[in-house]
Each structure stands twice: as structure tokens, then as C-alpha cells.
Amino acid sequence: MTVLPRTAARTDRQRMTRAAWLIGLGIVLLILPRLIYPVLALDILAWGLFAVAFDLLFGFSGLLSFGHAAFWGTSAYVTAFLLGHGQSVPVAMLGGTGSALLIALPIGFLSVRSIGIYFSMITLAFAQMLSFVALQWTDVTGGENGLQGLARPGFLGLDFSDATTRYYFCLVLFALGFYVAYRTVRSPFGQALQAVRDNEQRAQSIGYNPQRFKFTAFLISATLAGLAGSMFTFGHGVVSLDVLNWRTSGEVVMMTLLGGTTTLFGPVIGAGLVLLLRDVLTTANLPVGIVTGLVFVLVVLFFRRGVVGTLQHWLRRR
């Protein structure tokens, strides 16, 4: 007779915890450009959404992609190309996001048929192919020079020459992307997706199609990564080959693990910590790679669930 009340109380506590994280994250993001310079704040938004997109695929689907930069970078280049040809900011960003979805269709169709390290290697191979195309297709991508000096015309009276205005415009897009990811994992589809992740054979035996679920999650993740890539280009006004580099895929993996997988909040925190640490180390003229790698190793050793995941686990035990 006491099981149901205890279960209901536990569910209420979980809802209150999620609400507290949402409110806290929202407050921090609203005041963030007052705490640090707006360009860095916008980078945190873009990389945070990128990490959320990766967490949707890795944390909730169990698929480790080493080539997620393909969608981030493709969207960044398409957004830059459209801006350079006189398109408005919303049209350019929509085009960039749509291009990430289009390129994800063949990549996802081929890669989700593999499992484990084979899936990871296929996604990495596709990302490297796109990086080679961007390097060679100089008429469109600018090659090694990239695309620079992109115009960002105003929209609905907004002056995008102001960095703070660009930040709050992207904050709206970030909130939209985060909401899509949140509703996806909390929906019946998200619950079925986690069942496929935990035991694919058992999920298939009760009527689920694992490949269909993984392919759908792959497309949603790629689209959100594309939106993040368009935000990054919009914020900086330039794009280079780095957006398609394999290191970009590695950085988003590190951010997600640092913050905590299967939390959605964790990847945003992880992205913020990595970018802030990098900014401090660059200013202090310290070796960024060595210090960042050391921090990552310490987190993996002592905070197996990531920063947010470990904190949530501690609160549940309390």
C-alpha cells in the first residue's frame, strides 16, 4: 500500500529537480552576456546546443558518432554561403539547418545499420570526406581561406552588428532547439529509444523497429547540430575548415562527457566549462590542450557521470 505513494513522491521530486535545472539554466543564460563578453557567450550557446544534439544520439540512443562535425560544418558553410549572397539571416540559418538534415539522410541510412565502433568509424569517414570536399571546392567554400566578412543584415528592426543583439537572437533559437530535444527524450518515442539502447533484441521482440528509431534519432540530432553550426557562423561572421575537422567532433564528445550524458543540461554545462577554461588558459598563455586534457582525465576518473550527472546522483542519494 505504500509503494504507489512513494513512487508518486519520487516522480514529483524528479519533476521538481528538472524544473530547478531548467530555471537555473535559463537564468544563467539570460545574464550570461553581462558576465562575459557576448561573443564567447554566443559560442557557449552554439556549442551547448551542439553537445545536446550529440547527447541525444549518444546518451539516449547509444550511438557514438565520431563524425558529428559533418552536420555542424555543413550547416556552417551553407549559412555562410547564403549570407555572402545577400540572403537574410533567418533564410541563411534555415538553409544551413536544412542542409544538415539533407546530408544526414544518406549518412544515417548507411551508418545506423552498423553497431559499436563500426558506426563510429563510418560517421568519421563521412565527416572526413566532407572536409576534403570543403578543402577542394574553393569556388564555394574558399578552401583554406574559408569565407570571411559575411554580411548580417538586420531583421525586424534588430541590429545584428551588435554582439549582444546577436546573442539574444540565438538564445531564442537555442531555447527552441533545447525544447525539441527535451520533448523528444520525454516523449513515448524517447522512452522507446532508450529501450532500444538498453536491449535492442528485447525491444525488437516486443514490436519495435530498432533501425527506424535510431535513424529518426540520428536525423533529429543532425538537425539540431546543424542549427548550432548556423548559430556559430552567424555569431562570428566567418567560417573555416575547422568546422569540419575531426577535432571538432572530438571536442563535442569531451563536452558531453564532462557535463554528463543523458541529462541534456550536462552537455550545456560541459560546453560552458570547456570554452571558459580555454579562454582563461589562452589569456594566461598556458598550454590549452594539456590542461584541458588533464581536467578531462580527472573528471572521467572521479566523476564518472560527469559534473551534472554526479551532482544529480548525489542529490538522489541524499
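The values are calculated or read from the model by the stated rules, or taken from the named source; none is laboratory data. Only a predicted model underlies this, so the values are computations on that prediction, with no experimental measurement involved. Neighbour counts run over all protein chains shown; Cβ positions are idealised from the backbone, glycine included. Surface accessibility is based on the protein's heavy atoms, side chains included, excluding ligands, DNA and RNA. Shrake-Rupley method; radii C 1.70, N 1.55, O 1.52, S 1.80 Å.
Summary table
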| read-out | value |
| --- | --- |
| Relative contact order of region 184-318, pairs being alpha-carbon contacts under 8 Å that are 6 or more residues apart, as % | 17 |
| Nearest 10 degrees, 0 to 90: helix 246-259 Cα axis against the chain principal axis | 40 |
| Local electrostatic count, ASP159, Cβ distance below 10 Å [Lys/Arg +1, Asp/Glu -1] | +1 |
| Most fluctuating residue given options ILE23, ILE206, ILE107, as computed from a GNM of the chain linking Cα atoms under 10 Å | ILE206 |
| Spatial separation of Cα centroids for region 146-214 and region 219-283, in angstrom | 13 |
| Selected from PHE119, PHE302, PHE174 as most flexible by GNM, with the chain as the system and alpha-carbon contacts under 10 Å | PHE302 |
| Three-way shape label, region 158-303, alpha-carbon gyration tensor, a/c 1.5 | oblate |
| Convex hull volume per residue in cubic angstrom - Cα atoms of region 85-235 | 129 |
| Rounded tilt (10° steps) of 210-236 against the dominant C-alpha axis of the chain | 40 |
| Most fluctuating residue given options MET129, MET255, MET231, as computed from a GNM of the chain linking Cα atoms under 10 Å | MET129 |
| Between 0 and 90°, nearest 10: helix 188-198 axis offset from the chain longest Cα axis | 80 |
| Protein accessible area in region 241-318, 1.4 Å probe - carbon and sulfur % | 66 |
| Rounded D (µm²/s) - region 161-235, Kirkwood Rh over Cα pairs, Stokes-Einstein at 25 °C, 0.890 mPa s | 175 |
| Distribution of pairwise C-alpha distances over the chain, 10 Å bins, in % | 6, 26, 34, 24, 8, 2, 0, 0 |
| Accessible area, probe 1.4 Å, largest first, for residues GLU144, GLU200 | GLU144, GLU200 |
| Local electrostatic count, MET93, Cβ distance below 14 Å [Lys/Arg +1, Asp/Glu -1] | +2 |
